[in-house]
Amino acid sequence: MNTQEVLQHVTTPLANPAYAPVVPRFTNREYLNIVYRTDLEALRAVVPEPLKIEEPLVRFEVMKMGDVSGYGPYTESGQAIPVTFDGEHGEYLHAMYLDNFAATASGREISAYPKTVGAPNLYADNGALVGTLDYGTLRVATATMGYKHNRLDLREAEAQITVPTFMLKIVPNYDGSPRVNELVRTEITDVVIKEAWTGPARLQLFEHVLAPLADLPVREVVSASHILTDLTLAPVKPVYDYLKEARS
């Protein structure tokens, strides 16, 4: 394989790439979102500067991907924290757990999504929408919401899921020193909201050393939503360089 052929690849192994070189389109992406109040000091311990916290809120999410170009169906769960950056309201993606290796690898390498392995699930059960997250053999989160109790305005639903998102991109050098250390920004585009619902909800988080969702404890459930949509994720853009700031 010559140099030009090597340069045509975006990831290894060359004979069996970890993920497809596509911009994925999400069709029938189903969300269970539960926004809850937590401890301010717990948030300050995990949200990096220069992001700012205005309220001690967290959004727990479970997303069932019905059809994703390049990856196929999979399920994802995690926590997002409302923040501001340079006066813009958005969310800091704190943790994400997936049951699809290709989606995990591409999200981390290309776009800096904080993805790791997990076993999330989203399903209806006896009048409730249920979202769960297992890490290994242990349950670390259980969320329940009344199934399609009240319609949610489609514009409000779109506003909920299209806020800008911020993530940390960290790439070490070969000696372990930081090579890339940036705050990056992305957003959802080409959105089609198909259904949106709200209703009563509950959320339980369980202690686990390798899946520490409960480090942001649930003090009060604020709101919940159940949304079905099609969408595309925009490419990420760097907005803050930690290494540059450290040198200045």
Checklist entry - If P82 satisfies every condition in (1) touching a Pro at 6+ places or on another chain (Cβ under 9 Å); (2) modelled with pLDDT of 95 or more; (3) assigned to a strand (DSSP E or B); (4) open to solvent by 10 Å² or more (accessible area, probe 1.4 Å) but one, which is the exception? => result (1)
Checklist entry - What pairs come up if the first residue lies in segment 49-69 and is outside any strand (DSSP E or B), the second is aromatic (F, W, Y), and their beta carbons are under 7 Å apart, counting only those six or more places apart or on different chains? => result P50/F85; P50/Y240; L51/F85; L51/Y92; L51/F166
Item to check | Selection count where residues are in a strand (DSSP E or B), open to solvent by less than 50 Å² (accessible area, probe 1.4 Å) and either farther than 28 Å from S111 by Cα or not hydrophobic (A, V, I, L, M, F, W, C) (or both), scope segment 178-220 | outcome: 8
Checklist entry - Of the residues that make up segment 59-66, is at least one open to solvent by less than 10 Å² (accessible area, probe 1.4 Å), within 28 Å of K237 (Cβ to Cβ) and in contact with a His (Cβ under 7 Å, 6 or more places away or on another chain)? => result no
Checklist outcome for this item: In segment 75-127, residues that are basic (K, R) and touching a Gly at 6+ places or on another chain (Cβ under 9 Å) total 1
Checklist outcome for this item: Subset of segment 163-177, residues among the hydroxyl-bearing types (S, T, Y), free of Cβ contacts under 8 Å to residues at least 40 places away in the same chain and either open to solvent by 60 Å² or more (accessible area, probe 1.4 Å) or touching a strand residue (DSSP E or B) at 6+ places or on another chain (Cβ under 9 Å) (or both), comes to Y174
Checklist entry - If you go through segment 108-155, how many residues are among the aliphatic types (A, V, I, L, M), within 25 Å of F166 (Cα to Cα) and either surrounded by fewer than 15 Cβ atoms within 10 Å (Cβ to Cβ) or out of contact with any Leu (no Cβ under 8 Å at 6 or more places or on another chain) (or both)? => result 3
Checklist entry - Does L93 satisfy the criteria of being open to solvent by less than 20 Å² (accessible area, probe 1.4 Å), in contact with a helix residue (DSSP H, G or I) (Cβ under 6 Å, 6 or more places away or on another chain) and either of a type outside the set (K, R) or within 28 Å of E156 (Cα to Cα) (or both)? => result no
Item to check | Filter pass, A211 being among the small types (G, A, S) and in contact with a helix residue (DSSP H, G or I) (Cβ under 8 Å, 6 or more places away or on another chain) | outcome: no
Checklist entry - Looking at (1) more than 20 Å from V62 (Cβ to Cβ); (2) modelled with pLDDT of 95 or more, can you tell me which one V191 breaks? => result (1)
Checklist entry - Mind checking whether some residue in segment 10-28 is at pLDDT 95 or above and closer than 27 Å to A214 by Cα? => result no
Checklist outcome for this item: Those residues of segment 1-38 that are in contact (Cβ under 8 Å) with a residue 60 or more places away in the chain, hydroxyl-bearing (S, T, Y) and outside any loop (DSSP other than H, G, I, E, B) come to a total of 3
Checklist entry - Do the conditions hold for E41, that is, is it in a helix (DSSP H, G or I), surrounded by fewer than 11 Cβ atoms within 10 Å (Cβ to Cβ) and without any contact (Cβ under 8 Å) to a residue 60 or more places away in the chain? => result yes
Next on the checklist: What are the pairs with Cβ atoms under 7 angstrom where one residue, in segment 231-248, is surrounded by 11 or more Cβ atoms within 10 Å (Cβ to Cβ) and the other, located anywhere, is hydroxyl-bearing (S, T, Y) and not in a strand (DSSP E or B)? Sequence gap at least six, or different chains.
Outcome noted: V236/S111
Next on the checklist: Of all residues being among the aliphatic types (A, V, I, L, M) and in contact with a strand residue (DSSP E or B) (Cβ under 9 Å, 6 or more places away or on another chain) in segment 2-35, which is surrounded by the fewest Cβ atoms within 10 Å (Cβ to Cβ)? Just the residue, please.
Outcome noted: V23
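The values are calculated or read from the model by the stated rules, or taken from the named source; none is laboratory data. Being a predicted model, the structure only gives us computed values, none of them experimental. Every residue, glycine as well, gets a Cβ built from its backbone with ideal geometry; the counts of neighbours run over all protein chains shown. Remember, those area values only see protein heavy atoms, side chains included, never the ligands or the DNA or RNA. Shrake-Rupley method; radii C 1.70, N 1.55, O 1.52, S 1.80 Å.
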